[in-house]
Amino acid sequence: MRLSKYYLPTLREVPADAEIASHQLMLRSGMIRRSASGIYSYLPLGLKVIQKVEQIVREEMNRAGALEILMSAIQPQEIWEESGRWDVYGPEMFKLQDRNGRGFCLGPTAEEYFTGLVKGEVSSYKQLPLNLYQIQTKYRDEKRPRFGVNRAREFSMKDAYSFDVSPEAMMEAYQVMYDAYIKIFDRLKLKYRIVQGDAGAMGGNSSHEFIALAETGEGVIVYTEDGSYAATDEKAEVVYSVEARDEAPLEKVHTPGAKTIEEVAAFLGVEKADTVKAIDLMVAGEPVLALIPGDRELNEIKLAAFLEVAEHEIAMMDEAQVLSMGSHPGFTGPVNLKGDVRIVLDRRVAEMKNFVTGANEADYHYLHTSYPRDFEGEVAEDLLMVEEGDTAPDGALLEFARGIEVGNIFQLGQKYSKSLHATFLDENGKEQFFWMGSYGVGVTRSVAAIVEQNHDEDGILWPLNLAPFPVVVTVVNTKKEEQTALGEAIYQKLLDAGVDVLLDDRNERAGVKFKDRDLIGIPLRISVGKKAGENIVEYSTRRKGENIELTAEEAVARVLRVLEAH
């Protein structure tokens, strides 16, 4: 490809709204352009990289026995109503109507779509197992799109769904996908960790996330040094011990102006761990009081899972709502709480004795509160957010890291086959529901993660197998006939050898050409300059900074050897 004919609008300045390196470099290198908030156009350079990632994903999925299909990004409302998710998926779903008033959505995911496709078509156990996948655009109306394509409202994703006859077969399919994902992300040259994830709106029994490590990642993972334990901070089990004590009589005390845990603990001269934090919530329109130890934070993901609601259905109460349940803002507690309020407490609160909690009256708290003596409630096993200094269940210290979720796999069980009544006949002629798994790879997000992990102050450092062009031939001065002629000859030799090579034949200053090739990250470079008349060129590499003079033939041979080795 001749750069003089290529659409490559590079930028010298960092765009003001680009917060992280991948977003900045994808814009500056001419890979993407913003169309609207969270929506991007992919220019020729960006599309080439996406296609390379897609090809790796496609090859490993095919090798694992999955079959590629392509479904519409527009999904009918009725299948989502049948699964029960139309009204509960949340505000991230783009909903629309056609001219006849029929409801649709722009697909945020495709469990319903794939289940509906297989329903009625696969009728016998003899047609199973089955694994179907697509690489398709997905749509999620993010409340706050940011970090470029990392958290976009439109993105490319590979989603696959397996259909099996039993839970054991589902687990086998899950392991096959687990292994395939390792191969995918290894080939993408990503530094990543596999962690236990939260199934969330997907439902199901178990999940794993593949997290590309990046300091700018929005997700947080915790793990032990020996790798025996790893989970997202939303999923991580919190090990928290409670000191055994004898119960003392409940006592109401005056605590003027002390509303926060810090203020109450300081006023009463106790540790925060001796208090209980009461969080006033409205959950799906109903009042809920969540109780956790005063020195910890509530994990809303765990609470949502316990209450069996979507995260977006949980909101903090306003002052009027707190007053309406017979309490007072800043002084809420579970003792003598009026009204029909659901009280949910973390297991550690149930184990505590003599803790401090609000008295539902301005400027008053209770001392020596204990469960179940002083109040009733539902006990949840774990509602706490993991924190620095926590340990894994085996006692090893947890380490924290940030990352970008690039892949996830879920054991869906029969959640969707039952709700959509998708069945097959087993070997006894009996109707059974499919056992399903779901498997996603964020294609565009993987591209961003690769850039995030591979860059320097000059631009992108593409791994050779993922670079939009592995080789660039730069004619330093196109006004010099001998340079142009030799550059053209080298370019043609590489093309004839089947190399996807970029020829920088632009009538630009040498400095501009060198800065552009560093910015877009071409791994192998041949520069045709002042010694062209002697058949001497400069061979250099982007990542290692290797820089040597060779004959044109030697440079071409060097490039071919490097490419063949990869």
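The values are calculated or read from the model by the stated rules, or taken from the named source; none is laboratory data. Just so you know, these numbers come straight off a predicted model, no measurement behind them. Cβ atoms come from the backbone with ideal geometry, glycine included; neighbour counts cover every protein chain shown. Heads up: the accessible areas ignore ligands, DNA and RNA and are worked out on the full protein's heavy atoms, side chains in. Shrake-Rupley method; radii C 1.70, N 1.55, O 1.52, S 1.80 Å.
Brief remarks on what is shown
- Expressed in Å, the radius of gyration and Dmax of the Cα atoms of region 296-345 are 12.0, 29.
- Working from Cα pairs under 8 Å separated by at least six residues, relative contact order for region 417-541 is 25 percent.
- Which of S207, G84, A180, positive extreme of dipole for region 75-223 (C-beta unit charges): A180
- Only protein atoms count toward the accessible area here, which uses a 1.4 Å probe; on the chain, the carbon and sulfur part of that area reaches 48 percent.
- Amide H contacts of K277 (H built 1.01 Å from N, under 5 Å, at least 5 apart or other chain): I292, G294
- In this structure the amide hydrogen of A380, modeled in the peptide plane, comes within under 5 Å of the amide hydrogens of L345, D346, R347, none closer than 5 places in sequence on its chain.
- Taking amide H positions as modeled 1.01 Å from N, with prolines and chain starts lacking one, the residues under 5 Å from W86 and 5 or more places away or on another chain are E81.
- Rounded to the nearest 20 debye, the dipole size of the chain about its Cα centre is 2840 debye, using +1 on the Cβ of Lys and Arg and -1 on the Cβ of Asp and Glu.
- Rg(Cα) / (2.2 N^0.38 Å) computed for region 451-554, rounded to two decimals: 1.02
- In Hz, Karplus ³J(HN,Hα) per residue of region 275-285 (6.51, -1.76, 1.60; θ = phi - 60°; x = Gly, Pro): 10, 10, 8, 9, 9, 8, 10, 10, 10, 6, x
- Sequence-separation-based contact order of region 395-460, relative, with Cα cut under 8 Å and 6+ spacing, percent: 34 percent
- Here region 1-153 is assigned +1 on the Cβ of each Lys and Arg and -1 on the Cβ of each Asp and Glu. Its dipole about the Cα centre then comes out at about 800 debye.
- Restriction of the trypsin sites (Lys or Arg not before Pro) in region 497-527 to DSSP coil positions whose beta-carbon has at most 11 other beta-carbons within 10 angstrom yields R509.
- Candidates G395, Y240, A467 compared by Cα position along the dipole of the chain: farthest toward the positive end lies A467, with charges placed on Cβ.
- Using the Cα coordinates of region 121-206, the gyration tensor eigenvalues translate into equivalent-ellipsoid semi-axes of 28, 18, 14 Å, sorted from longest to shortest.
- Calculated SAXS-style log₁₀ I(q)/I(0) at q = 0.19, 0.21 Å⁻¹ - region 1-122, Debye, Cα scatterers: -1.10, -1.15
- Every helix of 4 or more DSSP H residues in the chain counts as -39500 (n - 2.57), and over all residues that averages to -8000 deg cm²/dmol at 222 nm.
- Each Cα pair under 8 Å and six or more residues apart adds its sequence gap; the mean of these over the residue count of the chain is a relative contact order of 17 percent.
- Each of N131, P329, M61 was scored by the projection of its Cα onto the charge dipole of the chain, and the greatest displacement toward the positive side belongs to M61; charges sit on the C-beta of Lys, Arg, Asp and Glu.
- Å² per residue, accessible surface of the chain at 1.4 Å: 45 Å²
- Listed by number, the DSSP H helices of the chain that run 18 Å or longer by alpha-carbon position along their axis and have mean Kyte hydropathy of at least 0.0 are 552-565.
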